[in-house]
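Taking it in order: structure first as structure tokens, then the write-up.
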Amino acid sequence: MKQTYKNIIISQKLFAGCNQNLIEEIILTNGRTLSFRSGDLIETEERAVGILLSGRGVIYSSDKGRQALLRFIAPGDAVGVAGLFADKAPDTRIYACGDGKSEMFFIGREAFETLMNEESDGRFRTNLIKFLSDRVTFLNSRIDCVTGGSAERKLALFIKNSPVSSSGEISLGMSMTALAHALDISRASLYRAFDSLQNDGTITRDGSSIKILSRDTLDNY
């Protein structure tokens, strides 16, 4: 495994303050990396947490008829944590999106149970509770987004969930065609949405680079 990928996994909030030797012995050793092409359903046969290592992903609600967009994920984001110990895993769907392949590292439930039993200070348990609490707070604040909404709203959601570089810019990470497909809108609607967000002073765009000018206005979308 690439060192950059190891760093992404080890630096997860779930493992903050945990014994690094245990993380390497239990998590890195027992996990596996799978690759997905754009449009592929990101899944594994076992109940597991996934950490995106490369590419992008888009999460939709369980209602296949509505294709309701929930959020986008970028390298470093973890998914599946809420359903790891649940009686029934969530029925949300995650698809790879963008122009290149997406790689995800899957960690099975058994590895997390082993980590809980092996650690002496309960750090992972604390991190897990905080992670789940933050996720509930996030979902409550975004609950109205599951109904879909306008192209502007979907684009704003994508921008808000995209990583910001040290220069303060966001890279689309995919072509306009791929982004339109991920947002489940037409290219024409996507271009109009960009125009709307630029015209009201929310963002500026230079090719594939975006800079947020007003987070308050972005939040309003």
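Structure summary
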{"item": "Output for the range 10-32, where each listed residue is crowded, with 16+ Cβ neighbours inside 10 Å and of a type outside the set (Gly, Ala, Ser)", "result": "12, 14, 15, 18, 19, 22, 23, 26, 27, 28"}
{"item": "Unmet requirement for residue 166, which otherwise passes all of (1) touching a strand residue (DSSP E or B) at 6+ places or on another chain (Cβ under 9 Å); (2) at pLDDT below 90; (3) open to solvent by 60 Å² or more (accessible area, probe 1.4 Å); (4) not β-branched (Val, Ile, Thr)", "result": "(1)"}
{"item": "Members of the range 174-221 that are within 29 Å of residue 37 (Cβ to Cβ) and open to solvent by 50 Å² or more (accessible area, probe 1.4 Å)", "result": "177, 181, 184, 186, 187, 188, 191, 192, 205, 206, 208"}
{"item": "Among the residues listed as 126, 114, the single one being at negative phi, surrounded by fewer than 14 Cβ atoms within 10 Å (Cβ to Cβ), among the hydroxyl-bearing types (Ser, Thr, Tyr) and at pLDDT 90 or above", "result": "126"}
{"item": "Selection status of residue 105, at pLDDT 85 or above, buried (at least 19 other Cβ atoms within 10 Å of the Cβ) and in contact with a Ser or Thr (Cβ under 6 Å, 6 or more places away or on another chain)", "result": "yes"}
{"item": "Test: residue in the range 45-66 that is open to solvent by less than 70 Å² (accessible area, probe 1.4 Å), over 16 Å from the mean Cα position of the chain (by Cα) and in contact (Cβ under 8 Å) with a residue 40 or more places away in the chain", "result": "no"}
{"item": "Test: residue 72 is at pLDDT below 90 and either loosely packed, with under 14 Cβ neighbours inside 10 Å or within 26 Å of residue 4 (Cα to Cα) (or both)", "result": "yes"}
{"item": "Residue within the range 14-28 that is under 21 Å from residue 173 (Cα atoms) and aliphatic (A, V, I, L, M) present", "result": "no"}
{"item": "Residue count, the range 132-156 (criterion: modelled with pLDDT under 85, part of a helix (DSSP H, G or I) and in contact with a strand residue (DSSP E or B) (Cβ under 8 Å, 6 or more places away or on another chain))", "result": "2"}
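The values are calculated or read from the model by the stated rules, or taken from the named source; none is laboratory data. Model, not experiment: these values are computed from the prediction. When we count neighbours, we look across all protein chains shown, and the Cβ atoms used for this are built from the backbone with ideal geometry, even at glycine. Areas reflect the complete protein model, heavy atoms only, side chains present, ligands, DNA and RNA absent. Shrake-Rupley method; radii C 1.70, N 1.55, O 1.52, S 1.80 Å.
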